[in-house]
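Reviewing the structure listed below.
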Amino acid sequence: MPDLEWMAWTSATAVFVAAVFIGLGLLTALAAARPSTPRKGLLPMPTARGDRIYVSLLGTGLILIVLLATTSQPLSVGLGLAAIWTVVILGWG
């Protein structure tokens, strides 16, 4: 077993990592069953389903980092903003 003592594995971290891998597996199965066609929406370029998910994950990380670095708001505020961002990008991106 590798030495993972340096990592701060908490239950929340494990759930997040598991959710990302499950999501990737679901995206792979969905792409095999129903291939995505690029569409142009809110984003200025045509994007496929995976592109929109990637952009929403990057935006979520940025929202949370900026919130933690600049304010003393609770993390739930950042999670709410990130959820709104994700819905907007996946729905209309």
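Confirm whether A8 is more than 17 Å from the chain's Cα centre (by Cα), exposed (fewer than 10 other Cβ atoms within 10 Å of the Cβ) and either assigned to a helix (DSSP H, G or I) or among the aromatic types (F, W, Y) (or both). Outline the logic, then answer.
Working: more than 17 Å from the chain's Cα centre (by Cα): yes; exposed (fewer than 10 other Cβ atoms within 10 Å of the Cβ): yes; either assigned to a helix (DSSP H, G or I) or among the aromatic types (F, W, Y) (or both): no.
When the stated conditions are applied, A8 does not pass them.
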Quiz prompt | Conditions (1) in contact (Cβ under 8 Å) with a residue 40 or more places away in the chain; (2) assigned to a helix (DSSP H, G or I): number failed by I65 | solution = (1)
Practice problem: State all residues of region 65-93 that are more than 20 Å from G23 (Cα to Cα) and surrounded by 14 or more Cβ atoms within 10 Å (Cβ to Cβ); if no residue qualifies, say none. | Solution: L67, G78, L81
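Considering only residues that are of a type in the set (S, T, N, Q) and modelled with pLDDT of 85 or more, which ones fall in region 13-36? Reasoning before the result, please.
As a first pass, look at region 13-36 and keep what is of a type in the set (S, T, N, Q): 13, 28, 36.
Answer for region 13-36, where residues must be of a type in the set (S, T, N, Q) and modelled with pLDDT of 85 or more: just T28.
Conditions tested, residue by residue: (1) of a type in the set (G, A, S); (2) touching a residue at least 24 places away in the same chain (Cβ under 8 Å).
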residue	(1), (2)
W9	no, no
A19	yes, no
Y54	no, no
Q73	no, no
L81	no, no
L90	no, yes
Quiz item: Can we say A19 is aliphatic (A, V, I, L, M), over 19 Å from A82 (Cβ atoms), surrounded by 10 or more Cβ atoms within 10 Å (Cβ to Cβ) and out of contact with any strand residue (DSSP E or B) (no Cβ under 9 Å at 6 or more places or on another chain)?
Solution: no
Quiz item: If you scan region 27-64, which residues turn out to be over 25 Å from V17 (Cα atoms), out of contact with any helix residue (DSSP H, G or I) (no Cβ under 8 Å at 6 or more places or on another chain) and of a type in the set (A, V, I, L, M)?
Solution: M45
Exercise. Consider only pairs whose beta carbons are under 6 Å apart and that are at least six residues apart or on different chains; among these, list those whose first residue lies in region 37-50 and is over 15 Å from T86 (Cα atoms) and whose second residue is in a loop (DSSP other than H, G, I, E, B) and hydrophobic (A, V, I, L, M, F, W, C).
Key: P38/A48
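The values are calculated or read from the model by the stated rules, or taken from the named source; none is laboratory data. Note that the structure is predicted; figures quoted are calculated from it, not measured. Every residue, glycine as well, gets a Cβ built from its backbone with ideal geometry; the counts of neighbours run over all protein chains shown.
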